[in-house]
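Taking it in order: structure first as structure tokens, then the write-up.
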Amino acid sequence: MYKQKIAITINSDFDRDKLYDEFILLMKSLCRTGQIMGGFESPYVAENELICYQTTLEQNSLDSIYNNEWVNLRIKNLEEGCNSRLKIEVLGEHIPF
């Protein structure tokens with residue numbers, strides 16, 4: 001299993017609460033498709049960035065080839081609302097307790 005950082009920079013005046021809600025919906029969609037393991041960890045806002053750390057089974061679990069239409073819609077809505085691109089970074093292996 002791997003720990004991954006999912007983040008997007010907010011480069012717009014769009015309502016941050018709505019962007020946060022859309023980010024939550026993206027995490028729920030990723031959970032439903034099995035791209036992230038178990039439930040999802042709570043996202044947070046740091047300065048102008050929405051951030052969430054998630055656990056995945058494989059390093060490539062969040063690759064776009066595994067997205068369904070709902071994941072793609074959430075990403076599109078976020079990227080348009082934030083005026084930036086979603087960033088995904090593999091941080092390393094996740095070793096459960």
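Taking the beta-carbon count within 10 Å as an exposure proxy, list 85, 74 from fewest neighbours to most.
Listed from fewest to most nearby Cβ atoms, that is 85, 74.
Keeping to pairs on different chains or 8 or more places apart, tell me how many lysine pairs in segment 1-79 have Cα atoms under 18 Å apart.
On the way: 3/28; 5/28; 18/28; 18/76; 28/76.
Eligible lysine pairs with Cα atoms under 18 Å apart amount to 5.
Given H placed 1.01 Å from N in the peptide plane, which residues other than close sequence neighbours of residue 49 have an amide H under 5 Å from its amide H?
Those lying under 5 Å, H to H, from residue 49 are 10.
For 37, 27, 1, which order do you get if you count the other beta carbons within 10 Å of each Cβ and list the fewest first?
Working: 37 16, 27 20, 1 13.
With the sparsest Cβ surroundings first, the list reads 1, 37, 27.
To make sure I understand, if each residue's beta carbon is the centre and we count other beta carbons within 10 Å, what order do 65, 6, 75, 88 fall in, fewest to most? Please list the in-between numbers first.
On the way: 65 5, 6 23, 75 19, 88 16.
The fewest-first ordering by Cβ neighbours comes to 65, 88, 75, 6.
Report ³J(HN,Hα) in whole Hz for each residue of segment 5-22, in order, from the Karplus equation J = 6.51 cos²θ - 1.76 cosθ + 1.60 where θ = phi - 60°; Gly and Pro get x.
9, 10, 8, 8, 8, 8, 10, 8, 9, 4, 4, 5, 5, 5, 5, 4, 4, 5
Laboratory data are not the source of any read-out in this text; all were calculated from the coordinates shown. Please read all numbers here as calculations on a predicted model, not as lab measurements. With ideal geometry, Cβ positions are generated from the backbone for all residues, glycine too; neighbour counts draw on all protein chains shown.
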